[in-house]
Amino acid sequence: MVGGAGPGGDARLAALEELVELRALEQVLIAYFDRVDARDAEGAAALFTEDTRCEIMTGKVLEGRERFARALGRVLAQYRRTSHHLTNVRGSVQGDEGETFAYVYAFHRMEETGEPWHLWVRIVDRFVRTPDGWRIAEHRLLGIDSVPPRADIPDEWYAGHPGHPGSLAAGG
C-alpha cells in the first residue's frame, strides 16, 4: 500500500513522488547525452533553459543556451564518434528546482586521427521545472582524468574527486 491509508502512508507517498521526480531529472540527462552522441548540439541544448550557465572543465562559464549550443557544436566536431555512459546519479528535488550529481565515462573517436580518447568526469546540474518539463539551468562538468592525456587539455582542468586528498577539488 503506497497511499495515505496505514502507518507511514503519507511518508511513503512523498518518498515515491520524490523518486518519480528524481527519475525525471535523470531522464533529462540521458536525453542530453543521447543528443550529444548523435552530434546534435542544438537538440542537446534544447534541454537547457534559455539563460543557462555552463562550465565544461575549463573554468570558463558559458551563459545562454545559444552560446552553449555553439560551443558544444565546436567540441563535437573534434570527434568522429562518442558514447557517453551516465552513472552514480544522485540528487534532490525541492518544489520546482532540482539538483543532480553524477559520473560520466565518455568514449571518443578523434576525427583527425581516428584514435580513441577516454574521459571520466563528474557532472553537477541544477534543474528548474518549466511548462515544457525539467530543464537544466546550470551545468558543471568537472574532469577527473583521461586516457591518453591530451596536450591541448591542461592537467589543472582535471579537478578530480572533491573527497580525494590529492585532487585539485580538495585543494591538493
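Every number in this text was worked out from the coordinates using simple rules, so none of it is lab data. Not measured: the values here are computed from a predicted model. FYI the Cβ positions are ideal-geometry reconstructions off the backbone, even for glycines, and counts take in every protein chain you see.
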Legend entry - Among (1) part of a strand (DSSP E or B); (2) under 19 Å from L29 (Cα atoms) - the single one S146 does not satisfy: (2)
Inset, instruction - May I ask you to list the residues in the stretch 114-124 that are surrounded by 14 or more Cβ atoms within 10 Å (Cβ to Cβ) and under 19 Å from D37 (Cα atoms)? - result: W117, L119, W120, V121, R122, I123
Legend entry - Of the criteria (1) part of a loop (DSSP other than H, G, I, E, B); (2) surrounded by fewer than 16 Cβ atoms within 10 Å (Cβ to Cβ); (3) not charged (D, E, K, R), which one G160 fails: (2)
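Test of understanding: among A106, A77, A69, A137, which residue is without any contact (Cβ under 8 Å) to a residue 40 or more places away in the chain, over 14 Å from F33 (Cα atoms), out of contact with any Cys (no Cβ under 7 Å at 6 or more places or on another chain) and among the hydrophobic types (A, V, I, L, M, F, W, C)?
The match here is A77.
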Legend entry - Filter result for T113 (farther than 30 Å from E50 by Cβ and among the hydroxyl-bearing types (S, T, Y)): yes
